[in-house]
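The values are calculated or read from the model by the stated rules, or taken from the named source; none is laboratory data. Small disclaimer: the values here were computed from a predicted structure and weren't measured. Neighbour counts are summed over all protein chains in view; Cβ atoms, including those assigned to glycine, are modelled from backbone coordinates with ideal geometry.
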Amino acid sequence: MNRTLLRETRPSRYGRVTKSWLQLIGMLPGVILAALALAATPDLYNAYERPKNGPPLTNVWHKAKPAWLWTKLHDPKHQSAARMPDFKLADDEVLDIMSFLKAVADSSFPSVQWSAWASKDEDDMSDDEWDAMSALVDKGDVLWRKARCTICHTVEGPADSSIGGFVDLRVGGINLENAASKLKRDWVYQWIKEPMSYFPDTLMPRYRFTHEEIKSLTEFILRDEIFLPDEDEEDEEQEESTASPPPQWHLLDDPVRAERGEKLVEIGRCVVCHDIKGIAEVIAKPERELPPRGENFEFLVYEIRCLSCHTVAGRGGTYAPNLTTVGSRLHADWINQFVATPDMLRPLSQQMPKFNLTKQEAEIIASEVSRSLRDKLIGGDIPGATVAPEDIQKGAEMFSERGCVACHTTGEGSGGLVGPSLDAVGDRLKSGYIWYHLKNPQGVNAYSAEPDYGLSDDEARLLAAFLSRRKE
């Protein structure tokens with residue numbers, strides 16, 4: 001091919017630039033609409049943006065057992081996920097820091113009335129006491145599963161494995177494998193009851209459990225064998241530990257030690273990661289305005305920590321579906337019912353916890369989500385002519401031909417478990433969104449496992465007609 005012919009067949013620079021600009025101009029309406037939708041999105045509290053990575057230490061004396069604090073300060077890397085630096089502290093320095101932490105703790109901490117056997121080892125219990133303890137642990141086990149605690153927390157599983165901890169918690173510790181050796185009973189109770197009262201920036205939601213439910217869950221966490229290492233492993237860990245045996249704790253009541261401990265905490269710049277009473281900030285801490293307390297949408301989302309798992313407008317967690325445009329996807333009635341009593345959608349995935357919301361709280365969340373979290377590019381109905389009965393039949397045939405049952409169940413015969421159940425998908429998803437999703441699954445969710453079949457508008461219309469008519 002000679003140069004003249006090559007110049008004639010190759011698009012000119014001007015032509016290429018013009019085409020690119022035309023493409024950009026054609027995209028502007030959609031970009032503008034999307035920007036307007038994000039601008040209208042509520043500014044929800046996001047605990048992933050908290051200024052400090054570590055939990056507060058002011059009342060850590062009420063939280064952790066002295067022996068655990070002693071070991072933690074000697075060996076901060078005792079867990080593989082631990083982020084605390086190893087300062088190579090000597091025994092006296094560890095005692096000094098513990099003395100300071102004890103001195104700055106609140107003089108009193110809320111206490112709970114426990115049964116007489118609560119402080120006993122299981123081997124020291126009478127048969128009646130053991131039966132009472134076991135019954136409470138069983139109730140806590142059921143509650144643990146209903147609350148989906150393993151979504152966030154890692155516990156010891158079978159054959160020395162660890163299970164749980166699926167959420168992308170970019171800050172903080174989530175391992176409860178040795179909770180019984182670390183945590184004090186009253187603190188566990190208060191933490192489950194009001195986690196934000198101890199740590200305002202925690203990713204832990206408030207579940208609204210009853211008093212008895214919290215007691216049973218506390219007993220399960222501190223008693224159940226899944227949280228305790230095997231005896232052989234415990235002996236092995238003690239043999240490998242290089243820390244000196246814990247001293248007598250009355251040595252911590254020395255004011256001179258507390259003063260030395262305060263200086264060590266200041267020098268170690270512990271306040272960069274932790275809030276500690278009496279220690280001045282070394283880095284300016286941005287003020288964060290909390291949503292006003294009450295039955296309003298922003299405060300409810302703050303309390304149940306929706307953004308620990310979900311993303312809204314690019315902020316939040318990555319574990320659960322993106323909620324930025326959920327109001328254009330889901331029917332308001334379905335949202336209301338689901339947040340009140342979450343049901344199983346994806347059998348192979350962890351399910352949403354039940355937060356024990358009141359009827360009014362569920363209605364507030366559903367109403368605001370449906371109103372504000374929307375995408376103007378997604379219509380409410382299937383584009384094109386009114387859906388006819390024959391369209392539904394054609395859509396059913398297409399559903400079978402495309403092999404959709406490889407991933408989805410429909411309530412009729414066998415089906416796959418990878419995708420959500422579609423037996424009542426019309427009650428959940430708006431028909432316009434179903435069409436939009438079928439046209440470009442990865443455009444809606446870049447990580448979607450849904451194949452892109454390159455459906456035409458009419459093919460997507462027929463398939464959406466079939467799916468949107470599947471109701472309970």
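Candidates in the stretch 136-165 are the residues that are modelled with pLDDT under 80 and in a loop (DSSP other than H, G, I, E, B); of these, the one that is surrounded by the most Cβ atoms within 10 Å (Cβ to Cβ) is Gly165. Based on this model, can you work out whether Ser414 counts as in a loop (DSSP other than H, G, I, E, B), at pLDDT below 85 and out of contact with any helix residue (DSSP H, G or I) (no Cβ under 9 Å at 6 or more places or on another chain)? Answer is no for this residue. Against the definition (without any contact (Cβ under 8 Å) to a residue 60 or more places away in the chain and not assigned by TED's automatic domain parsing to the domain that holds Leu330), how does Pro441 come out, yes or no? Yes.
Can you report the number of residues in the stretch 277-313 which are assigned to a loop (DSSP other than H, G, I, E, B) and within 20 Å of Arg206 (Cα to Cα)? Even if it seems obvious, please write down each step before you answer.
Going through the stretch 277-313, the residues assigned to a loop (DSSP other than H, G, I, E, B) turn out to be 277-296, 305, 309-310, 313.
Imposing the further condition that a residue be within 20 Å of Arg206 (Cα to Cα) reduces the set to 288-296, 305, 309-310.
The number of residues fulfilling the criteria is 12.
In the stretch 46-59, the residues that are crowded, with 16+ Cβ neighbours inside 10 Å reach residues that are of a type in the set (Phe, Trp, Tyr) with C-beta atoms within less than 8 angstrom, at least six apart or across chains, in these pairs: Pro55/Tyr198; Pro55/Phe199; Pro56/Tyr198; Pro56/Phe199; Asn59/Phe109; Asn59/Tyr198. Only a single criterion out of (1) buried (at least 19 other Cβ atoms within 10 Å of the Cβ); (2) at pLDDT below 90 is not satisfied by Met344, namely (1).
Only one of these is in contact with a His (Cβ under 6 Å, 6 or more places away or on another chain) and farther than 16 Å from His331 by Cβ: Gly419, Gly443, Gly454. Name it.
On the way: Gly443 fails: in contact with a His (Cβ under 6 Å, 6 or more places away or on another chain); Gly454 fails: in contact with a His (Cβ under 6 Å, 6 or more places away or on another chain).
So the residue among Gly419, Gly443, Gly454 that is in contact with a His (Cβ under 6 Å, 6 or more places away or on another chain) and farther than 16 Å from His331 by Cβ is Gly419.
If we scan the stretch 118-126, do we find a residue that is assigned by TED's automatic domain parsing to the domain that holds Glu177, aliphatic (A, V, I, L, M), touching a helix residue (DSSP H, G or I) at 6+ places or on another chain (Cβ under 7 Å) and assigned to a loop (DSSP other than H, G, I, E, B)? Walk me through how you get there before you give the answer.
Of all residues in the stretch 118-126, those assigned by TED's automatic domain parsing to the domain that holds Glu177 come to 118-126.
Next, only the ones that are aliphatic (A, V, I, L, M) stay: 118, 125.
Those still in the list that are touching a helix residue (DSSP H, G or I) at 6+ places or on another chain (Cβ under 7 Å) too: 118, 125.
So of that shortlist, the ones also assigned to a loop (DSSP other than H, G, I, E, B) come out as 125.
Yes; the residues of the stretch 118-126 include at least one that is assigned by TED's automatic domain parsing to the domain that holds Glu177, aliphatic (A, V, I, L, M), touching a helix residue (DSSP H, G or I) at 6+ places or on another chain (Cβ under 7 Å) and assigned to a loop (DSSP other than H, G, I, E, B).
Scanning the stretch 314-331 for residues that are assigned to a helix (DSSP H, G or I) and either crowded, with 20+ Cβ neighbours inside 10 Å or modelled with pLDDT of 95 or more (or both) gives Gly327, Ser328, Arg329. Across the stretch 445-465, what is the total count of residues that are surrounded by 15 or more Cβ atoms within 10 Å (Cβ to Cβ) and farther than 17 Å from Asp381 by Cα? Counting residues in the stretch 445-465 that are surrounded by 15 or more Cβ atoms within 10 Å (Cβ to Cβ) and farther than 17 Å from Asp381 by Cα gives 4. Looking for something in a loop (DSSP other than H, G, I, E, B) and in contact with a Ser or Thr (Cβ under 7 Å, 6 or more places away or on another chain) - is there at least one such residue anywhere in the stretch 176-189? Yes, the stretch 176-189 contains at least one residue that is in a loop (DSSP other than H, G, I, E, B) and in contact with a Ser or Thr (Cβ under 7 Å, 6 or more places away or on another chain). Screening Asp253 against (1) within 21 Å of the chain's Cα centre (by Cα); (2) at pLDDT 90 or above leaves a single unmet condition, (1).
Annotation for the stretch 326-340: no member residue is under 30 Å from Leu57 (Cα atoms) and either in contact with an Asp or Glu (Cβ under 6 Å, 6 or more places away or on another chain) or not acidic (Asp, Glu) (or both).
Okay, residues lined up against (1) under 25 Å from the mean Cα position of the chain (by Cα); (2) charged (D, E, K, R):
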| position | (1), (2) |
| --- | --- |
| Asp121 | no, yes |
| Trp130 | no, no |
| Gly157 | yes, no |
| Gly165 | yes, no |
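Looking at Asp168, is it surrounded by fewer than 18 Cβ atoms within 10 Å (Cβ to Cβ) and at pLDDT 90 or above? Criteria not met by Asp168.
Taken over the stretch 181-222, the residue count meeting the criterion of being of a type in the set (Gly, Ala, Ser), touching a residue at least 24 places away in the same chain (Cβ under 8 Å) and more than 20 Å from Ser134 (Cα to Cα) is 0. Quick one: which residue in Lys63, Lys88, Lys72 is of a type in the set (Lys, Arg) and surrounded by fewer than 16 Cβ atoms within 10 Å (Cβ to Cβ)? Sole residue among the options that is of a type in the set (Lys, Arg) and surrounded by fewer than 16 Cβ atoms within 10 Å (Cβ to Cβ): Lys88.
Suppose we filter Glu287, Glu363, Glu298 for residues that are surrounded by fewer than 20 Cβ atoms within 10 Å (Cβ to Cβ), farther than 26 Å from Pro441 by Cβ and at pLDDT below 90; which single one remains?
Details: Glu363 fails: at pLDDT below 90; Glu298 fails: at pLDDT below 90.
Only one candidate qualifies: Glu287.
Restricting attention to the stretch 397-415, the residues that are within 13 Å of Glu459 (Cα to Cα) and without any contact (Cβ under 8 Å) to a residue 40 or more places away in the chain total 2. The residue pairs whose first member lies in the stretch 98-118 and is on the phi > 0 side of the Ramachandran plot, whose second member is of a type in the set (Asp, Glu), and whose beta carbons are closer than 7 Å, counting only pairs six or more residues apart or on different chains, do not exist in this structure.
Which of the residues belonging to the stretch 352-387 are of a type in the set (A, V, I, L, M) and in contact (Cβ under 8 Å) with a residue 24 or more places away in the chain? Even if it seems obvious, please write down each step before you answer.
We begin by selecting, within the stretch 352-387, every residue of a type in the set (A, V, I, L, M); these are 352, 357, 362, 364-366, 369, 373, 377-378, 382, 385, 387.
Met352, Leu357, Ala362, Ile364, Ile365, Ala366, Val369, Leu373, Leu377, Ile378, Ile382, Val387, listed by residue number.
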